[in-house]
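Inspection log for the structure reproduced underneath, given as structure tokens.
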Amino acid sequence: MSHPTQAGPQKARAEIRMPIAMLAELTHRCPLACPYCSNPTELVRRDEELSGREWADVLRQAAGLGVLHVALSGGEPAARRDLEEIVAACRDASLYSNLITSGIGLTERRLRDLKSNGLDHVQLSVQGAEPTSADRFGGYRGGFERKMAVASWIRDNDLPLTINVVMHRQNIDSIEDVLALAIDLGARRIEIATVQFHGWAEKNRGALMPSREQVLRAGLTVQAARERLKGTMVVDYVPADYYATWPKACMGGWASTSLNVAPDGFVLPCHAAGSIPGLVFENVRDRALADIWRNGAAFNAFRGETWMREPCGSCERRSVDFGGCRCQAFALTGNASATDPACSKSPLHARLVASANAQAASGQSDFIYRRMA
């Protein structure tokens, strides 16, 4: 990851609230090769990762900063042999721990050990509701059947289960099947997230971009499922924004409620922030987490509203959607301060929609799979 010096004039400091959540990316190693992975294309190698002792210190610092909830993610966190110790460090710091996993690398015994060390919740990814296509989307033969076994072990250990699925053009029409699978697996919650075009997903736009019609149907399907499954399973949904009127309120506002720690210790305001050149990302090996949160240049770059240009600066929605996603704004305009083109007020919105329509109609189906170099 490149960390060039941030340029530009000093901005007025925005109000700084304490974060309540942290994404701890324990590793970029992963047996799956998902073509929609939002991790950077330059993956952190094993010998650059924070040690278990360093992670324990980061977790203590996070708790002191006000963090309540930690998502243990990757890559595949089960690739870490010290995952059990890291989970115990969450417990010791009084942090609620959520393991975000593909299931590959977990065993029944390992799940028991993780629970005994204080694991609070498991979020299991699936790539579809049937083996052939799910294994193709994950780039891992036998992955679906393995996930089904892991889901049963999670249930047997009485751990709360969330099913997570990324939807794209090649699987978005199977939402009902995925919902039925989640119920069969005993999930208390399902997160249906339309593909976001960062990292490896950006390389696969033509094969992943859903059509407007697919997105509309998906929204109606989710709305009906929320009513039908009320009291049985929570249905969270991250819709596509390329065909929307307003952009998503990315991260609830830049550096307002959460932070990310990458496998090598660099601290980011959001998962994809490393894609924006010109930001300074500092490392927990060199600087206290609280100091980075309050005073880090990257964290203050788009905090609050003073950075906003028009039409965002005077928009009545500026405290609702915060101008949209800064990473997406940079990817689509070359300027991270620009209005996210997913917003209908952006002068580039019509061009974005036309591009999405063309990509959705391209007929491309082959993937560039995520691989460690």
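The values are calculated or read from the model by the stated rules, or taken from the named source; none is laboratory data. What you see is a predicted model; the values in this text were computed from it and never measured. Because the Cβ atoms are built from the backbone with ideal geometry, glycine has one as well, and the counts that use them run over all protein chains shown. Note: accessible area is taken over every heavy atom of the protein model, side chains too, but ligands, DNA and RNA are not part of it. Shrake-Rupley method; radii C 1.70, N 1.55, O 1.52, S 1.80 Å.
How many percent of all Cα-Cα pairs in the stretch 231-310 sit more than 19 Å apart?
47 percent
So which residue, out of 352, 161, 23, gets the largest mean-square fluctuation from a GNM of the chain using Cα contacts under 10 Å as springs?
Ranking 352, 161, 23 by mean-square fluctuation puts 352 first.
Taking the stretch 49-83, which trypsin sites (Lys or Arg not before Pro) meet the DSSP loop condition and have no more than 14 other C-beta atoms within 10 Å?
Passing sites in the stretch 49-83 are 81.
Each residue of the stretch 144-155 in order: what ³J(HN,Hα) in whole Hz does its phi give by Karplus 6.51 cos²θ - 1.76 cosθ + 1.60, θ = phi - 60°, with x for Gly and Pro?
4, 4, 5, 4, 5, 5, 4, 4, 5, 5, 4, 5
Report in % the part of the accessible area of the stretch 198-287 that belongs to carbon and sulfur, leaving out ligands and nucleic acids; probe 1.4 Å.
Answer for the stretch 198-287 is 56 percent, counting heavy atoms of protein chains only.
Calculate one ³J(HN,Hα) per residue across the stretch 216-222 by plugging θ = phi - 60° into the Karplus curve 6.51 cos²θ - 1.76 cosθ + 1.60, and present them in order as whole Hz with x for glycine and proline.
Karplus values, whole Hz, x for Gly and Pro: 4, 5, 4, x, 5, 4, 5.
Can you compute 3J(HN,Hα) from phi for each residue in the stretch 75-92, using the Karplus curve 6.51 cos²θ - 1.76 cosθ + 1.60 with θ = phi - 60°, rounded to whole Hz and x for Gly and Pro?
x, 10, x, 5, 5, 7, 5, 9, 4, 4, 5, 5, 4, 4, 5, 4, 4, 5
Below 8 Å between Cα atoms, with a sequence gap of 6+, how large is the relative contact order for the stretch 125-272 in percent?
Computed over the stretch 125-272, the figure is 19 percent.
Could you give log10 I(q)/I(0) at q = 0.11, 0.15, 0.19, 0.24 Å⁻¹ for the stretch 170-264, computed by the Debye formula over C-alpha point scatterers of equal weight, without solvent?
Each listed q maps to, in turn, -0.41, -0.75, -1.08, -1.27.
Once you list every other residue whose beta carbon is under 13 Å from the beta carbon of residue 231, what net charge do they have if Lys and Arg are +1 and Asp and Glu are -1?
That works out to +4.
For the stretch 135-204, with every protein chain kept in place, what is the accessible area per residue (1.4 Å probe, Å²)?
Accessible area per residue, the stretch 135-204: 38 Å².
Could you state the number of Å between the C-alpha centres of the stretch 37-55 and the stretch 219-264?
Their Cα centres are 26 Å away from one another.
If I model a spin label at residue 295 and residue 355 as a point 7 Å from the Cα along the Cα→Cβ vector, what separation in nanometres do I get?
According to this spin-label approximation, the distance is 3.9 nm.
Suppose the chain between residue 224 and residue 249 were pulled fully straight at 0.36 nm per residue; how much longer would it get relative to their current alpha carbon spacing?
Full extension of this stretch gives 6.7 nm more.
About its Cα centre, what dipole magnitude does the chain give when the only charges are +1 on Lys and Arg Cβ and -1 on Asp and Glu Cβ, stated in debye to the nearest 20?
With Lys and Arg at +1 and Asp and Glu at -1, about 420 debye.
Out of the DSSP beta bridges found with both residues in the chain, what percent are antiparallel (nearest 5)?
10 percent
Considering only 132, 339, 41, give the residue with the highest GNM mean-square fluctuation for the chain, with springs between Cα atoms whenever their separation is below 10 Å.
Of the options given, 132 has the highest mean-square fluctuation.
Quote the relative contact order of the stretch 52-108 in percent (integer), defining contacts as alpha-carbon pairs under 8 Å separated by 6+ residues.
Reported relative contact order: 46 percent.
Using Cα pairs under 8 angstrom and six or more residues apart, how large is the relative contact order of the chain, in percent?
About 21 percent, as a whole number.
Considering all alpha-carbon pairs of the stretch 132-213, what whole percent are spaced by more than 22 angstrom?
31 percent
Taking the Cβ of residue 190 as the center, what net charge do the other residues with Cβ under 11 Å away carry, scoring Lys and Arg +1 and Asp and Glu -1?
With Lys, Arg at +1 and Asp, Glu at -1, the neighbours total +1.
Using all C-alpha to C-alpha distances in the stretch 251-373, build P(r) with 5 Å bins and read off the rounded percent in each one.
2, 11, 18, 18, 16, 14, 11, 7, 3, 1
Using a 1.4 angstrom probe on heavy atoms only, work out the carbon and sulfur share of the accessible area of the stretch 7-125 in %.
Carbon and sulfur together cover 48 percent of it.
What does the charge count near residue 268 come to, summing +1 for each Lys or Arg and -1 for each Asp or Glu among other residues with Cβ under 13 Å from its Cβ?
-2
Using label points projected 7 Å from each Cα along Cα→Cβ, tell me how many nm separate residue 213 and residue 42, to one decimal.
Going by the 7 Å Cα→Cβ label model, 4.2 nm.
Considering the Cα trace of the stretch 41-131, what is its radius of gyration and what is Dmax, both in angstroms?
When restricted to Cα atoms, the stretch 41-131 yields Rg and Dmax of 13.6, 44 Å.
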